[in-house]
2 protein chains.
Amino acid sequence: MGQTAIIGGGVIGLGVAWELARRGERVTVFERDRVGAGASSAAAGMLCPMAELDFVEDELLALKRDSLARYPEFARALQALTDLDVQLRLEGTLSVAIDRDDAADLRRHYEHRRSLDLPVEWFSGAQVRAAEPALSPRIQAAIYVPGEGQVDNRLLVTALARAAYLAGVEIREGVEVQEILTNGGRVRGVRTSQDLPFEHVVLAAGAWSRRLGLPGFNPPVRPVRGEMIAVMMEPGDALGCVVRAPDCYLVPRADGRLLIGATSDEVGFDTRITAGGLFELLRGATETLPGVREFEVVETWAGLRPGTLDNDPILGHTAIRGLVAATGHYRNGILLLPATAHYISEAVLSGSDPDAIAGFGPRRFDR
Amino acid sequence: MGQTAIIGGGVIGLGVAWELARRGERVTVFERDRVGAGASSAAAGMLCPMAELDFVEDELLALKRDSLARYPEFARALQALTDLDVQLRLEGTLSVAIDRDDAADLRRHYEHRRSLDLPVEWFSGAQVRAAEPALSPRIQAAIYVPGEGQVDNRLLVTALARAAYLAGVEIREGVEVQEILTNGGRVRGVRTSQDLPFEHVVLAAGAWSRRLGLPGFNPPVRPVRGEMIAVMMEPGDALGCVVRAPDCYLVPRADGRLLIGATSDEVGFDTRITAGGLFELLRGATETLPGVREFEVVETWAGLRPGTLDNDPILGHTAIRGLVAATGHYRNGILLLPATAHYISEAVLSGSDPDAIAGFGPRRFDR
C-alpha cells in the first residue's frame, strides 16, 4: 500500500492524487462508486470567480483567482500526459440583467467589483447583443469579465483519472472506506473490507464527507442538490460564451450542447429531477435565450454540491495528525481544483497548511 | 397467408385484427417497428368525447360517444382473454378554467354542450376543490363530465397484441410493407421483401400511412408531434381524475404516475423533446396543480398523431376494392378504438361501410 490514501475519486481527490504522485508519493484513491460519479460529473464547469462574486468573500475570491490563474498550465500538463483536451475556454463571461430591477442590482455588483480593482466591464444592451446576438433583446445590460470561462468537467474527470493512473496512483473504484483508523491522535490507515495502513489520509468525499463518522473530525458538509438540463443548440441561435442570468446560467460546449443550470435545494441525498426544478431552469433559459425553445433536450440530471456551514471549502490539516481535509467545495469544486491539488499536496508533504488555505482549515468550526 | 393483411401494429391495427380473428378471419399484422411503437404508446389514453368537444364536430362526436359506450365491454372481453386489466377508469373528467377569460370561454362551451343535451355539469371553484383538493385555489370553475375517463394505452397495446395472438392473428414485427399490390382496381396483396397474396388489406399505419405511395390512394395524413412528461405524484398532492386545463391536460395513473400533455407541432417525422415544449407543459401543470413542482420527473417523450386534412379519421373502403382505411385518428385513436375495430371489421367482412362511419370515408378527399 502507498503512503497516502485519498477518500473520494472526484476531481479533487484525483487532482490531489495526481499532484502527490508527481511529487513522488505513493497514493491510493478509494472511490465508493465510479470516479467522478458525484458532483464532478454533475457540474457545469464554469470558471467564474468574478462573475459569481457576492459582496462578502474576500479570502475565497483570492483563492478562486489563484486557482483560475493555474488552469492553463494545469490543463496543458494534463494534455501533455494524457493527450486529452479538457476544453478549457477563457473567452470571458457575461452576467446579464433582464429587467430594470436586475440591472440596478447588477450595477451595484459592478461598482463593488470595480472598487476591488477587478477586471470587469459594463456592457450596454446593445453591446451584449453585439457580443452574443442570440441573447434576448430584452436584456438591459451585462457585466463582462474577460479571462473567465469554462472547462468540460466530465472530460476533466476522464483526464485526471488517466493522469493519476499514468503517474502511478492506484484507483480503487467501488470500494467504500468505512472508517479512518487512528492511534494516539494520529492517522494509521483506513478500513474498507480490511484494515489498510497509510501515513496520510486526504478526505475528499464531497457531500458524502460527513458519513464517515470519525471521532474528533466530523466535517459540517451537507448535500445541496442542483438540477441541470442539457439541450442541443441550433446553429442560428447558438451561444458563444458562458452567460449568467438572474434565474439560471448557460454554458455552451464546443460539441453544441448547452448546459442550463442550476437549481439549489436542501433535500438530503436525493438526486431526483423535479417538475418545478426543470420549470424554473427552462423559464430562466427561455427568457435569456429565446431560441432555446427550439433546442432538443438531450439530458437532465442532478448532483449534490458539498455545502458547508459557511459555504467555504474545508482545506487543510485536521486535529488528527496525518488527516487532511479537501472537501466542502460547494459550488466551486471545478474552479478550485488546481489550487486545491497544489496546496493540499503541499500540506500533506510538508505537514503544515500553506498560507493560501490558512483561512479554510477544518478547525475553524471548533470555535 | 391469411385473408386479411393489416398494415400497422398500433392499437387500431391490433384491434381490427383481433375483431376480425374473432369473427373467423385469418389475419396478418405487419408492423415496421414493434407493436404500439407509434402514437399508441405515446398517447395519454384519455377518453373524453365531451370534455374535448369543439363547437363543430357533430358526426365525430356521435362516433366518439359510440366508442366510449363500447369500452367497458371491450375491456372486459380483453381481460377475459388475456387476464390483463387495461385500467379503464370512467370516474368523470374536469375541464378547468384558471383565470376569468378561461372561465368565460369555458362557460360558452358549457352552454353549447347543454344545448346538445350532453351530460355535463358546471362546477364552481369551491366544488372543484372539494372534488380535487390538490388543484390550484386559483381555479375559477370547471365542466364536469361524468362517465368519461381514461385507459392505460400502453397496457392496451400489450393486451391487444396478446389477444390478437391468442385469437390466431399472425403479428410480424419489424416487417415493413413496401407497397400494396393491386390488379384491375382490386387488392391482391402486399409487398414486403416478397409479394404476399391477400384478399383484403386494412391500412392502419397512423402518421406513416402516406408513405406507401399507392397509386389511386394517398391518404392525406400528416404527423403532428405531441410532447409529454410523466411525473410521480406524492400522496398529499395527488390527483384523482383526468383534468383538462387551458394549457395542458393531466392524467393520473393508478401506479402514481401523472401524465402531463401535450404540445402540438407540425414538424414532420421529428420526435425530439424540445426545451420550449417541456416549458409550456410544466407551466401549464404547475399553474393547475401547484404540488406538481415537488414531483419527480420520470419520463419525457414525444409521439406523432396522425392528423388529416380535416382532422377527422379516415375510415372505410377506398376506391380500390378490398382496400380499407382505418387511419388518421389524430387525437382520438385510443378513444375511437372499440368503434373502429367494430365498424372496420364489419366493413371488411361485408364489403361495404356501416352507416356509423359513412361520413369518414377516404373518398371524401376526392371531391
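For chain B, the relative contact order comes to 23 percent (Cα pairs under 8 Å, sequence separation of at least 6). Rounded to the nearest 0.05, what FRET efficiency do B:Leu309 and B:Asp355 give with R0 = 30 Å and r taken as the Cβ-Cβ distance? Could you check? E between B:Leu309 and B:Asp355, to the nearest 0.05, is 0.85. Would you work out if chain B is rounded, prolate or oblate? Take a ≥ b ≥ c from the square roots of the eigenvalues of the alpha-carbon gyration tensor; rounded if a/c is under 1.5, else prolate when a/b is larger than b/c, oblate otherwise. Taking the square roots of the gyration eigenvalues as a ≥ b ≥ c, chain B is prolate. Solvent-accessible surface of the protein assembly as shown, averaged per residue with a 1.4 angstrom probe and all protein chains in place: 39 square angstrom.
The share of accessible area on region A:204-281 that comes from carbon and sulfur is 49 percent, using a 1.4 angstrom probe.
Split chain A at each of the chymotrypsin sites (Phe, Trp or Tyr not before Pro) in a DSSP loop with at most 11 other beta carbon atoms within 10 Å, and the longest piece is A:56-268.
Taking each DSSP H run with n ≥ 4 as -39500 (n - 2.57) and averaging over every residue of chain A yields -9000 deg cm²/dmol at 222 nm. Interface residues of region A:278-322, defined as those losing at least 30 Å² of solvent-accessible heavy-atom surface relative to the isolated chain (probe radius 1.4 Å), are listed as A:Leu278, A:Phe279, A:Leu282, A:Arg293, A:Glu296, A:Val297. With a Förster radius of 45 Å, plug the Cβ-Cβ distance of A:Ala37 and B:Arg191 into 1/(1 + (r/R0)^6) and report the FRET value to the nearest 0.05. Efficiency at R0 = 45 Å is approximately 0.30. Chain B against chain A buries an accessible area of about 1700 Å², both chains summed, 1.4 Å probe radius.
Farthest towards the positive end of the charge dipole of chain A, among the residues A:Asn153, A:Ile334, A:Tyr165, is the Cα of A:Tyr165, using unit charges on the Cβ of Lys, Arg, Asp and Glu. In the assembly of identical copies, A:Thr271 has its label point, taken 7 Å from Cα in the direction of the beta carbon, separated from the corresponding points by 2.8 nm (ascending, one decimal). A simple charge model with +1 on the Cβ of Lys and Arg, -1 on the Cβ of Asp and Glu and nothing else charged puts the dipole of chain A at about 800 debye relative to its Cα centre. Ordering B:Ser345, B:Gly10, B:Trp301 by Cα displacement along the dipole of chain B toward the positive end leaves B:Ser345 in first place; charges were set at the Cβ atoms of Lys, Arg (+1) and Asp, Glu (-1). Between the residues B:Leu196, B:Gly261, B:Cys248, the greatest Cα displacement towards the positive end of the dipole of region B:155-267, with unit charges on the Cβ of Lys, Arg, Asp and Glu, is found for B:Leu196. Region B:79-148 and region B:242-256 have their alpha-carbon centroids 11 Å apart. Segment B:Ala62..B:Arg211, full-extension length gain: 50.6 nm, with 0.36 nm per residue of separation and the alpha-carbon distance subtracted.
Dipole size of the protein assembly as shown about its Cα centre, with +1 on Lys/Arg Cβ and -1 on Asp/Glu Cβ: approximately 1020 debye, rounded to the nearest 20.
With every protein chain present, what accessible area does B:Arg283 have (1.4 Å probe, heavy atoms only), rounded to the nearest 10 Å²? Only protein atoms counted, so the area is about 90 Å². Under a model in which nothing but the beta-carbon of Lys, Arg (+1) and Asp, Glu (-1) is charged, region A:73-168 shows a dipole of about 60 debye around its Cα centre. Sparsely packed loop sites in region B:21-67 (the trypsin sites (Lys or Arg not before Pro) outside DSSP H, G, I, E and B with at most 14 other Cβ atoms within 10 Å) comprise B:Arg23, B:Arg34. Only protein atoms count toward the accessible area here, which uses a 1.4 Å probe; on region A:40-113, the carbon and sulfur part of that area reaches 48 percent.
Only loop residues by DSSP count here, and only those with at most 14 other Cβ atoms within 10 Å; note down the GluC sites (Glu not before Pro) in region B:39-142 that meet that. The partial results should precede the final answer.
Values: sites: B:Glu52, B:Glu57, B:Glu59, B:Glu73, B:Glu91, B:Glu111, B:Glu121; in loops: B:Glu52, B:Glu57, B:Glu91.
Within region B:39-142, the qualifying GluC sites (Glu not before Pro) (loop, at most 14 other Cβ atoms within 10 Å) are B:Glu91.
The values are calculated or read from the model by the stated rules, or taken from the named source; none is laboratory data. Not measured: the values here are computed from a predicted model. Glycine also receives a Cβ, built like all others from the backbone with ideal geometry; neighbour counts cover every protein chain displayed. Surface accessibility is based on the protein's heavy atoms, side chains included, excluding ligands, DNA and RNA. Shrake-Rupley method; radii C 1.70, N 1.55, O 1.52, S 1.80 Å.
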